[in-house]
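Worksheet for the structure shown next.
The values are calculated or read from the model by the stated rules, or taken from the named source; none is laboratory data. Values in this document were obtained by computation on a predicted structure and should not be read as measured data. With ideal geometry, Cβ positions are generated from the backbone for all residues, glycine too; neighbour counts draw on all protein chains shown. In case anyone asks, the SASA skips ligands and DNA or RNA and just uses the protein heavy atoms, side chains included. Shrake-Rupley method; radii C 1.70, N 1.55, O 1.52, S 1.80 Å.
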Amino acid sequence: MPTISTNLLNISNMIQTGGKPTLKRAPTLLIAAALLLSACSTTTGQSSDGGVALRLGYFPNVTHATAIVGVERGVFADKLGSDVTLTTQTFNAGGDVIEALFNGGLDASYIGPSPAINAWAQSQGQAIRIISGATSGGASLVVSEDITSPEDLAGKTLATPQVGNTQDVALRAWLLDEGFETDVEGGGDVSIQPQANADALTAFTGGDIDGAWVPEPWATLMVDQAGGHVLVDERDLWPEGRFVTTHLIVATTFLNEHPDVVKNLLEGQVAATEFVNDNPQVAQQIVAAAIGELTGSEVDLDILADAWDSMEFTNDPIASSLTESAAHAVELGLIDDVDLDGIYVLGLLNEVLSAAGKEPIAQP
């Protein structure tokens, strides 16, 4: 279908070139790509041998420890069974996950709240569903030693993983509360320069940025290896210190066509969470080795243990914090006002939890 291929190429070029569309417009174009792709294929999740293929995304961050353990220990593969081909892909920030999902290159992913909200908003509630929680906590604003208060940030340069990602929204919302204006081009009272977490660590170490709002282990690495200190622990901004950092989403089409596969994936999620909580030291070794291999940045186990204490690994998606994150993104002008009703589908998760003798999670 030449017309569809040409349209997809044009959309891809618009997103990747210097004259790219605005933050709100880019996901809309990606939705168009997803709709065009759907015209070429009526079935998702089909492997080359005719079986089911599940393509799962996650990040090389400690806040994705459940996913890393699930992959590295073969928990997901075991629960999915021999009839399902599991392939995985790692990402630095949520916007890239959503682009892959919209382009038909991904079926499910561990991801932060902000990109999930954006995907829901731009697809008018059709592209994705949240099916489980994964992690609460584990994100901080780390700054250089000369910055001791919010007032000291005027004129400074900070990093986040990506414009519009979870930490980016958190930083911009907090700065706005402190009286600072920012924009997505890096201007304003405080300049925000999105970059990969490993690059932010290097930039902070070299004095090229003054701080970063990042997930673990990068926050602890900036403290222990680069002489930074925590100006804001994000837990302090939320009731009881609980907020969703990572949850599990699935493409709605895949969920509708393969609910049995999704349920088996959730069995892996619950089993991996139980392992992480019951065997923290072993889990830390697994996560440290995986992050080192995936990013080229070795993580000392003592540093990882320190980072571990700032997180809670849970199947609960902590829905109330998602609503607040959405309100922040709207206030910042990153998305239009959005109704999140229907974004959670927790029935399959609760079936898995009940079968494992665990308490179900209330449907928001």
Exercise. How much area per residue is accessible in the range 187-278 when the probe is 1.4 Å and only protein heavy atoms are counted (Å²)?
Worked result: 36 Å²
Exercise. Among all helices in the chain defined by DSSP H, which have a length of 18 Å or more along the axis from Cα atoms plus a Kyte-Doolittle mean of at least -1.0?
Worked result: 2-16, 25-40, 259-278, 280-295, 319-331
Exercise. Per the 1.4 Å probe, what fraction of the accessible area of the chain, in percent, lies on carbon and sulfur atoms?
Worked result: 46 percent
Seminar exercise, completed: D (µm²/s, integer) via Stokes-Einstein for the range 85-200, Kirkwood Rh across alpha-carbon pairs, 37 °C, 0.692 mPa s: value 209 µm²/s
Seminar exercise, completed: Candidates HIS258, HIS247, HIS229; GNM for the chain (alpha-carbon contacts under 10 Å) flags as most fluctuating HIS258
Exercise. The range 253-305: percent of C-alpha pairs farther apart than 16 Å?
Worked result: 56 percent
For this session: Identify which of ILE98, ILE128, ILE147 has the largest mean-square fluctuation in a Gaussian network model of the chain, with springs joining Cα atoms closer than 10 Å.
Result: ILE147
Seminar exercise, completed: Among (i) 17.5; (ii) 18.4; (iii) 34.9, the entry matching mean projected area of the Cα convex hull in nm² as calculated here is (i)
Exercise. Points 7 angstrom from Cα along the Cβ direction at ASP177 and ASP302: gap in nanometres?
Worked result: 3.4 nm
Exercise. Taking a ≥ b ≥ c as the square roots of the eigenvalues of the Cα gyration tensor of the range 305-363, is the shape rounded (a/c under 1.5), prolate (a/b larger than b/c) or oblate?
Worked result: oblate
Exercise. Could you state the number of Å between the C-alpha centres of the range 73-149 and the range 247-299?
Worked result: 11 Å
For this session: Rounding to the nearest 20 debye, state how big the charge dipole of the chain is about its Cα centre with +1 on each Lys and Arg Cβ and -1 on each Asp and Glu Cβ.
Result: 1400 debye
Exercise. What number, rounded to the nearest 500 deg cm²/dmol, is the helix-based mean residue ellipticity at 222 nm of the chain, given -39500 (n - 2.57) per DSSP H run of at least four residues and division by all its residues?
Worked result: -13500 deg cm²/dmol
Problem set entry | Those residues of the range 172-214 whose amide nitrogen sits under 16 Å from the label point placed on SER149, 7 Å along Cα→Cβ | 178-180
Exercise. Using 7 Å Cα-to-Cβ label points, what is the SER320/THR157 separation (nm, one decimal)?
Worked result: 4.0 nm
Problem set entry | Cα convex hull of the range 228-364, projected area averaged across orientations, nm² | 10.9 nm²
For this session: Quote the charge dipole size of the range 181-246 about the Cα centre in Debye, to the nearest 20; the model charges only the Cβ of Lys and Arg (+1) and of Asp and Glu (-1).
Result: 240 debye
